[in-house]
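Student: Sending over a structure as structure tokens; questions will come in a sec.
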């Protein structure tokens, strides 16, 4: 029964991924006549419609899909390393550091653009957590979690101060970024390379991650180099989270809910779980972004807020399911 359920979940995820991208191209603030689609797919059609579909919607859909894939993959790795099905990829303070970096660039109009400033802030906080949360290279999940919570709390205080000091004209953009904003997201070669590299690393270490779920001692007895595996995968999770934040700001619930739901559906082997989580996370963020720019068109909602609204009932249902 569980194996059949996992096969259905994998098949459904694979089918929904291209559908989400097609919907992202088809819907937006400007309606496009369905009869024009064959010409647009062939590279022709009306010049304005061609620009809307391939120059505006297409790159944004790819960026949204990459962001969701990065967050879901980071969630898979964090939950495996901490052996906690509700671990979040932002647990290392990456979200807070990225927020400080991006808002600093917006507030003081520095030399770095907000995406690069966000990446720098995320890398700084992640490095601080890794240094503070380890002792003589020992991997301690509890110490890492406490260090991440402390760094995140400090970053949250800095964000509050910057919002209080920000000129009224800068506040809307800063708040929109904090809620998760894909309006200016564009596909990034560096983000694509990070996604490919971290996915390849996760698949290559899949057997070790499967054995790590049995406990460190059991994994060591079966020949797994536990410490190198833990630190390598933790670095991959931090890198993937930072790349996602660089693309779209703070998008919650993706890295937490997607891997957990896939595991509940029976997908446990990391060799399958990692790539399927990338597809599922990309699909979720792409659909949320499509809704964000069509629900109140020509206005736009922050995709992060819609993801949060979608994630809350999922988490509550998981709580009820676990209590039963």
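Student: Under a crude label model (7 Å from the Cα following the beta-carbon direction), how far is residue 171 from residue 190 in nanometres?
Tutor: 3.2 nm
Student: Just to be sure I understand: if I project the alpha-carbon convex hull of region 21-166 onto a plane and average over all orientations, what area do I get in nm²?
Tutor: Working: hull surface 49.3 nm².
Result: a mean projected hull area of 12.3 nm².
Student: Which of 107, 73, 199 moves the most in a Gaussian network model of the chain with Cα springs under 10 Å?
Tutor: 107
Student: Go ahead and set up a Gaussian network model of the chain, Cα springs under 10 Å, then flag whichever of 97, 148, 215 fluctuates most.
Tutor: In the Gaussian network model the winner is 215.
Student: Now a separate question. Quick check on region 93-176: what are the equivalent-ellipsoid semi-axes from the Cα gyration tensor, as sqrt(5λ), descending, whole Å? Display every interim value, and only then the final one.
Tutor: On the way: eigenvalues 157, 33, 11 Å².
Calculated on Cα positions only, the semi-axes equal 28, 13, 8 Å.
Student: So what is the relative contact order for the chain, in percent, with contacts set as C-alpha pairs under 8 Å and at least six apart?
Tutor: Values: 501 pairs, mean separation 103.2, N = 324.
Averaging sequence separation for qualifying contacts and normalising by length gives 32 percent for the chain.
Student: Calculated from the structure, mean projected area of the Cα convex hull in nm² equals which of [x] 26.6; [y] 17.3; [z] 18.7?
Tutor: Step by step, mean projected area of the Cα convex hull in nm² for this structure corresponds to label [z].
Student: Could you compute the FRET efficiency for residue 36 and residue 7, with r as their C-beta to C-beta distance and R0 at 45 Å, rounded to 0.05?
Tutor: Numbers: r = 38 Å, r/R0 = 0.84.
Calculated value: 0.75.
Student: Mind checking which of 92, 71, 103 has the largest fluctuation in a GNM of the chain, springs on alpha carbons under 10 Å?
Tutor: Per the Cα network of the chain with a 10 Å cutoff, 103 tops the list.
Each value in this text was obtained by applying a stated rule to the coordinates, not by laboratory testing. Since we're looking at a predicted model, the values are computed, not measured. Positions of Cβ are backbone-derived with ideal geometry, glycine not excepted, and every protein chain shown enters the neighbour counts.
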